[in-house]
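To start, the structure itself, in structure tokens.
Nothing in this text is a laboratory measurement; each read-out follows from the coordinates by a stated rule. Please read all numbers here as calculations on a predicted model, not as lab measurements. Quick reminder, even Gly has a Cβ in these numbers, built from the backbone with ideal geometry, and neighbours come from all protein chains shown.
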Amino acid sequence: MRLRILDSGHGFGTKALFALIRTVSRQPVLDVIKLVKYRTDFYGQPMGVITQDAMRGPSTWSVGDRELMAAFVAKANQCEFCTKAHSAVAQGAYRDGKRVSAVLSDLDSASVEEPLRATLLMLGKLTREHAVDMDDMRTVLAAGASRQQIEDALAVCYSFNVIGRLADAFGFVVPGPKAFEAGAKYLLARGYR
Amino acid sequence: MADIRQARKTLVSRILEGDGEASRSERRAAFDNRGLAEPLTTLVEKVAGHAYRVTDEDFAAVRVAGFSEDQTFEIVVCAAIGVATRQYDIALVALEAATGNETRKD
């Protein structure tokens with residue numbers, strides 16, 4: 001990482017936690033965990049409340065749908081770390097890796113429900129262009145997504161437009177698939193807090 | 001229901017108005033992506049626009065200019081949250097326009 005404090009500036013208790021994670025998972029501690037555990041009052045704790053609500057709070061989108069949105073937003077931002085991390089979580093949640101890879105490689109031809117497809121398209125535009133308008137929202141509503149579903153999707157989009165930027169700016173190391181699989185199991189079992 | 005508005009206010013209030021190593025004016029400028037001097041301008045504009053283009057040299061320039069790692073950490077966090085906040089607010093306005101009188105206030 002580009003800031004040494006994020007690699008090694010944590011307190012004794014947090015370093016002990018990292019050692020435990022390495023021992024139990026037999027994988028390196030993901031840089032995103034090092035970030036959220038550094039000066040938690042400034043970023044990790046208040047951001048964790050938002051991300052937990054967006055990703056695991058009540059919603060008519062499934063956990064898999066929301067993790068897919070996270071991966072889709074990450075891909076729109078060209079964030080390799082978050083694309084791989086949340087593809088792994090979405091695959092675990094759906095128990096269907098093909099669905100995730102189909103959406104990320106070609107949303108237009110992927111076999112997904114129309115409300116989800118339209119929502120992903122809108123999130124992609126918002127992420128790339130920093131803007132959407134009333135017509136964009138009407139398109140999503142016409143595809144069958146509810147107002148609440150759109151708000152829920154925007155919460156996911158918010159979280160991952162923050163996290164992806166921090167991953168790339170701070171220079172997160174992109175580990176191998178086994179580390180992401182271990183991270184996915186943790187996020188599916190424990191969430192984002 | 002993912003109504004993150006209150007939690008988002010708490011986060012933004014913490015990073016902009018709470019204690020920090022960077023000044024409140026620097027954190028606000030990073031959040032707004034406006035009014036910073038080099039080398040922070042380059043770093044913050046990249047974080048807001050195309051974060052994958054941030055380089056080691058961008059961080060080195062900020063370090064040489066005298067900013068500590070904690071100050072840089074805060075400024076980058078503020079820049080990322082600022083752009084996501086603007087996106088979210090724009091999208092909510094568009095949604096409210098599309099749904100007419102279903103508008104829900106904070």
Between the Cα axis of helix A:12-25 and the main Cα principal axis of chain A, the angle (0 to 90°, nearest 10) is 70
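Just need the Rg to Rh number for chain A, please, alpha carbons only, Kirkwood Rh. Each step should come with its number before you reach the end.
Details: Rg = 16.7 Å, Rh = 17.1 Å.
A ratio of 0.98.
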Of A:Gly176, A:Gly64, A:Gly92, the most mobile residue in a GNM of chain A (C-alpha springs, cutoff 10 Å) is A:Gly176
Unpartnered Cys in chain A, judged by a 4.7 Å Cβ-Cβ cut-off, are A:Cys157
At 222 nm, what value in deg cm²/dmol follows for chain B if DSSP H runs of at least 4 each add -39500 (n - 2.57) and the sum is divided by all its residues, to the nearest 500? -22000 deg cm²/dmol
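Under a Cβ-Cβ cut-off of 11 Å, what is the net charge of the residues other than A:Asn161 that fall near it, where Lys and Arg count +1 and Asp and Glu count -1?
On the way: positive: A:Arg128, A:Arg165, B:Arg86; negative: none.
Cβ neighbours under 11 Å give a net charge of +3.
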For chain A, what does the helix formula give at 222 nm: sum of -39500 (n - 2.57) over DSSP H segments with n ≥ 4, over the residue count, nearest 500 deg cm²/dmol? -22500 deg cm²/dmol
Put +1 on the Cβ of each Lys and Arg and -1 on the Cβ of each Asp and Glu in region A:42-190; which of A:Asn77, A:Phe170, A:Trp61 then has its Cα farthest toward the positive end of the dipole? A:Phe170
Tilt, helix B:40-49 to longest principal axis of chain B (alpha-carbon atoms), in degrees rounded to tens, equals 40
Once each part is reduced to its C-alpha centroid, what is the distance from region A:1-34 to region A:58-97 in angstrom? 24
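With +1 assigned to the C-beta of every Lys and Arg and -1 to the C-beta of every Asp and Glu, and no other charges, what is the dipole magnitude of the protein assembly as shown about the Cα centre in debye, to the nearest 20? It would help to have the intermediate numbers written out before the result.
Details: 39 positive and 38 negative charges, 195 e Å.
For the protein assembly as shown, the charge dipole is close to 940 debye.
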If you find the alpha carbon centre of region B:45-88 and of region A:120-189, how far apart are they in angstrom? 20
Estimated vicinal HN-Hα couplings, Hz - region A:48-59 in sequence order (Karplus 6.51, -1.76, 1.60; Gly, Pro = x): x, 4, 5, 5, 4, 5, 5, 9, 10, x, x, 6
Residues of region B:47-84 with amide nitrogen under 18 Å from the 7 Å Cα-to-Cβ point of B:Glu38? B:47, B:54-67
Pick from A:Arg56, A:Arg165, A:Arg95 the residue whose mean-square fluctuation is largest in a GNM of chain A, springs joining Cα atoms under 10 Å. A:Arg95
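In this model, which of A:Lys15/A:Lys178; A:Lys125/A:Lys185; A:Lys178/B:Lys9; A:Lys98/B:Lys46; A:Lys125/A:Lys178; A:Lys34/A:Lys98 are farther than 28 Å apart at the alpha-carbon? Mind showing how you got there, number by number?
Working: A:Lys15/A:Lys178 22 Å; A:Lys125/A:Lys185 30 Å; A:Lys178/B:Lys9 36 Å; A:Lys98/B:Lys46 33 Å; A:Lys125/A:Lys178 31 Å; A:Lys34/A:Lys98 31 Å.
Correct reply: A:Lys125/A:Lys185; A:Lys178/B:Lys9; A:Lys98/B:Lys46; A:Lys125/A:Lys178; A:Lys34/A:Lys98.
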Using θ = phi - 60° and the Karplus curve 6.51 cos²θ - 1.76 cosθ + 1.60, what whole-Hz ³J(HN,Hα) does each residue of region A:124-134 get, with Gly and Pro shown as x? x, 5, 4, 5, 6, 9, 6, 7, 9, 10, 4
